[in-house]
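Read the figures in this text as sums done on the coordinates, not as results from a lab. Bear in mind the structure is a predicted one, so any value in this text is a computation, not a measurement. For neighbour counting, all protein chains shown are included, and Cβ atoms are generated from backbone atoms with ideal geometry for every residue, glycine included.
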Amino acid sequence: MLLSPLVLALTLLTPVSGAKTNRFALCLPEGVKLTSEIREESDGSTKPKGKPKTVASRLAELRARCKNRKLVTRTGKEIRIVQLIGCWGNPPADYEEQLQRQERELKELREKYVVIEIPCSSNKIIASVVSDNRSNRSYGSY
């Protein structure tokens, strides 16, 4: 029966789903995961966005690959992943300068590379804490 060896060969040669995630492991900056949410460019719409984009989904859109420990697009343009600053509970005295410096650096990077921006996520933590506090609040009779 010729079908069995063919099925066996296809099964052995089919990549495991985890192989896709491992192919970028050497190219991701320290602390960045494929599941990290990214900042999406505004399209001017006021409609709520659907599911948040992740590093993995953006890399898939770009048809990225890891080449010589660098992320590159299908056309060979290098991809840079940047962790944004700006999540301060009590901001430092020079926070405006830091944000302006970050914006200048991002502008320079965008001229040469495809830039994926990972926002700081303290707003999620704050939102979670606020919703937990509201749900745990008990109102006594006065």
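Over 19 Å between C-alpha atoms is what I'm after, so list which of Lys53/Lys112; Lys33/Lys70; Lys33/Lys77; Lys53/Lys77 land there. Where the Cα-Cα span goes over 19 Å, the pairs concerned are Lys53/Lys112; Lys33/Lys77; Lys53/Lys77.
Go ahead and run the numbers for FRET between Lys67 and Leu99, Cβ-Cβ distance against an R0 of 30 Å, rounding to 0.05.
It comes out at approximately 0.35.
Inter-label distance, Asn90 to Lys51: 4.1 nm, where each label sits 7 Å from its Cα along the C-beta direction.
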